[in-house]
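The block underneath contains the structure these notes are about, expressed in structure tokens.
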Amino acid sequence: MSSHRPAPPSPTTDPDRYAPSAVAVQPRDMANASNNRKSTSPLSTLAVNVARLPDGPINALCGASAGVASGIVTCPLDVIKTRLQAQGSFRPRKYAGPTRAVYKGLTGTARVIWVEDGLRGLYRGLGPMLLGYIPTWAVYMSTYEATKDFLNPQMENKWLARTLASVAAGGCSTLVTNPIWVVKTRLMSQVSARASEEHRPPWHYKSTFDAFRKMYAKEGIASFYSGLTPALLGLTHVAIQFPLYEYLKMKFTGLEMGQADAKASDIHWFGIAAATVLSKICATSATYPHEVLRTRLQTQQRSLPSQSHDNISFQGGQHGIGHQTRPPGTSSSDGMINMPRYRGILKTCTVILQEEGWRAFYNGMGTNMVRAVPAAVTTMMTFEGLKLVHQKFKNEGKRIQEDDL
């Protein structure tokens, strides 16, 4: 008799012989039960719902959140920049006194605002800024991503596709939100009642709603689209910034805007910050004068003579043959319609150049850099961070859906 009889099969290696329902099926059932319990948790439910959402609303939400965060962080710097850009636009055309600058640089302007208005002055216009950032970045980010996804398969030149997507997104967001930015600029350029007359604008608004109401009643619907042309010229800014940002981010991280590394648990913060800073500095340096033109046109009063109590229109404006000047606050002696100081891009450039010189086109540029770079970094990091969170939820939701099948 042979002593090498085969050993009996092990229960762990022969599931068909030894209680298959107890050994083999039970673990699978337990796993399914575990998955079912997991899929009913709040986070799992949220992940499943996020996975079902289209990318458009997600991009809009991430963009709006990024804009709000940026607005809160940089509002004081935006107020200072606006005061510097608007300085000189309220001076009476017949003013014979010495020309003096009330706002001088970042710290000097901040000191004047703090003395005259306190902390509230540094956050003047925050309401319309936040009100504007929500639709601006929501429209921009969703339109940019959708346009880029549409153009990429049809164009071999990715740089051109990104540029066209930037222009399309910028145009849509500008047309939708220009009225909000006009009100924001008006409020930010509004100075204290203690300021000298030559630096005081011809209006006073108590709140964002009050500004909308008074502008519509006294100046008409056209006032909300003041500065639209230079604002559209500002599309050159995003046409430089966002394609350059995507190019630099690809170089630094290997990912496009809004993309996250599925294998990484963290986001490439340094690469995003470096790409944002470099692209923002290049775009701002190349296109800054259009911001001064936009601010001058937005802060110019457009009161219609028929709606003014004594036919006053355009503080410091022009009237009559040869455009003889007159001090503000007086009506035209010959009954002629009082013409605005700034009319169109070329006329505005000519007036600023003649009255203040070429340096006026770069008023507040240093402050704008100090404001724009942190604003851009806050915006892009918030957007990229939220997109990473969305991607993680989306991946988890897809995994749960696959396990439940």
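The values are calculated or read from the model by the stated rules, or taken from the named source; none is laboratory data. As the structure is a prediction and not an experimental result, all values here were calculated from the model. With ideal geometry, Cβ positions are generated from the backbone for all residues, glycine too; neighbour counts draw on all protein chains shown.
Confirm whether residue 306 is farther than 23 Å from residue 181 by Cα, at pLDDT below 75 and part of a helix (DSSP H, G or I). Yes; evaluated as a whole, the condition is true for this residue. If you check residue 50 against the conditions, is it under 29 Å from residue 177 (Cα atoms), at pLDDT 85 or above, surrounded by 14 or more Cβ atoms within 10 Å (Cβ to Cβ) and among the β-branched types (Val, Ile, Thr)? Judged against the criteria, residue 50 is not a match. On inspection, residue 68 passes the criterion of being modelled with pLDDT of 85 or more, surrounded by 17 or more Cβ atoms within 10 Å (Cβ to Cβ) and not in a loop (DSSP other than H, G, I, E, B).
Does residue 386 satisfy the criteria of being of a type outside the set (Lys, Arg), surrounded by 18 or more Cβ atoms within 10 Å (Cβ to Cβ), over 26 Å from residue 110 (Cβ atoms) and at pLDDT 75 or above? Against the criterion (of a type outside the set (Lys, Arg), surrounded by 18 or more Cβ atoms within 10 Å (Cβ to Cβ), over 26 Å from residue 110 (Cβ atoms) and at pLDDT 75 or above), residue 386 qualifies.
Out of everything in the range 118-135 that is buried (at least 23 other Cβ atoms within 10 Å of the Cβ) and of a type outside the set (Gly, Ala, Ser), what residue ends up being nearest to the chain's Cα centre (by Cα)? Looking at the filtered set, the residue picked out is 133. Scanning the range 219-242 for residues that are at pLDDT below 85 and in a loop (DSSP other than H, G, I, E, B) returns 226, 227, 234.
Against the list (1) out of contact with any Asp or Glu (no Cβ under 9 Å at 6 or more places or on another chain); (2) at pLDDT 80 or above; (3) part of a loop (DSSP other than H, G, I, E, B); (4) not basic (Lys, Arg), the condition residue 257 fails is (1).
Taken as a whole, the structure places residue 140 among residues that are surrounded by 24 or more Cβ atoms within 10 Å (Cβ to Cβ), modelled with pLDDT of 85 or more, among the hydroxyl-bearing types (Ser, Thr, Tyr) and assigned to a helix (DSSP H, G or I). Residue count for the range 260-270 satisfying the condition of being modelled with pLDDT of 85 or more and within 20 Å of residue 141 (Cα to Cα): 1. You will find that of 173, 166, the residue that is buried (at least 21 other Cβ atoms within 10 Å of the Cβ), within 16 Å of residue 129 (Cα to Cα), among the hydroxyl-bearing types (Ser, Thr, Tyr) and at pLDDT 90 or above is 173 and no other. Kindly indicate whether residue 107 is over 19 Å from residue 83 (Cα atoms) and of a type outside the set (A, V, I, L, M, F, W, C). So residue 107 fails the test. Taking residue 251 as the residue in question, decide whether it is surrounded by 16 or more Cβ atoms within 10 Å (Cβ to Cβ) and charged (D, E, K, R). In short, no. Annotation note: of 245, 216, 205, the sole residue that is under 26 Å from the mean Cα position of the chain (by Cα), within 30 Å of residue 165 (Cα to Cα) and either modelled with pLDDT under 90 or aromatic (Phe, Trp, Tyr) (or both) is 245.
Among the residues here, residue 6 does not qualify as assigned to a loop (DSSP other than H, G, I, E, B), surrounded by 11 or more Cβ atoms within 10 Å (Cβ to Cβ) and at pLDDT below 80.
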